[in-house]
Amino acid sequence: MVGMTGVRLDAGRRLLVWIPAIVAIVLVGEWAIRHDLLLPFAVATWAFYYLGIALVLGTGVKRWMRDKWGDERAWRIFEMLCGLQFFAIGSGFAAAALIGADSLPVSPATAMVIAAPLFVAGFGVKFWATWVVGLDTYYYRDLFLERAHGEFTGGGPYRWFANPMYGVGNWHGYAVALLAGSLAGLVFAAICHASIYCFYFLIERPFIHRLYASR
């Protein structure tokens, strides 16, 4: 669960850099709150994550990194960057939910009734899917190295959903916005949901078909 939020506790000495970088994101978020810059902060986290993973994983940047540092060192660098991106976009969801809080025309009780199952289902399915495929897949190891590191699985939530992490697994973003009563938070969650599907259809799915279809 900690790994899903953006920090791999098995990272060893890299945690000496990784954790301070996470703290820096928190401090920037607090600074954005104090200076009424929640929208720019949320947009920045969106760009950092969605444009960032598209740039590295959808272009020759990953091959340049592997040529420069070797496969394993390049992967460790990307893994840390990816973790920071995961943490940043989670912070972006929280920041967006604070924009226009209590602006939705629903009572807190109604919002809770809707948000609670969304959060449980969203986070639960994403956690289950991650448990099945492992953190290396969650951090895009196969896509970064352009080779399989395990068998393609149809177990767990993959029995019922083609892409549980990106589908149901994003519902908890809407739950956070609902709990805050924020229309901006709902819009941000929808934009992020659409963005990860764009990444999936344009970059990840073609790779999966190339790599695993012949296995």
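The values are calculated or read from the model by the stated rules, or taken from the named source; none is laboratory data. A quick note: this is a predicted structure, and the numbers were derived from the prediction, not measured. All Cβ positions, even for glycine, are placed from backbone atoms using ideal geometry, and neighbour counts span all protein chains on display.
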**Request:** Look through Glu204, Glu146, Glu151 and report the one residue that is acidic (Asp, Glu), at pLDDT below 95 and under 17 Å from the mean Cα position of the chain (by Cα).
**Result:** Glu204
**Item:** helices (runs of 4 or more DSSP H) within the range 103-187 that include 3 or more residues touching a residue at least 60 places away in the same chain (Cβ under 8 Å)
**Value:** 108-133, 141-145, 171-180
**Prompt:** Consider Glu72 against the criteria (1) in contact (Cβ under 8 Å) with a residue 40 or more places away in the chain; (2) among the charged types (D, E, K, R); (3) over 20 Å from Met4 (Cα atoms): it satisfies all of them except one. Which criterion is unmet?
**Reply:** (1)
**Message:** Just to be sure I understand, how many residues within the range 12-58 are free of Cβ contacts under 8 Å to residues at least 24 places away in the same chain, charged (D, E, K, R) and more than 22 Å from Ser182 (Cα to Cα)?
**Reply:** 1
**Item:** Some residue of the range 101-116 being of a type in the set (S, T, N, Q) and under 28 Å from Gly155 (Cα atoms)
**Value:** no
**Message:** Take the conditions touching a helix residue (DSSP H, G or I) at 6+ places or on another chain (Cβ under 8 Å) and crowded, with 20+ Cβ neighbours inside 10 Å and apply them to Ala88. Does it pass?
**Reply:** yes
**Asked** Quick one: would you say Ala97 is closer than 20 Å to Ile196 by Cα, assigned to a helix (DSSP H, G or I), in contact with a helix residue (DSSP H, G or I) (Cβ under 7 Å, 6 or more places away or on another chain) and of a type in the set (Gly, Ala, Ser)?
**Response** yes
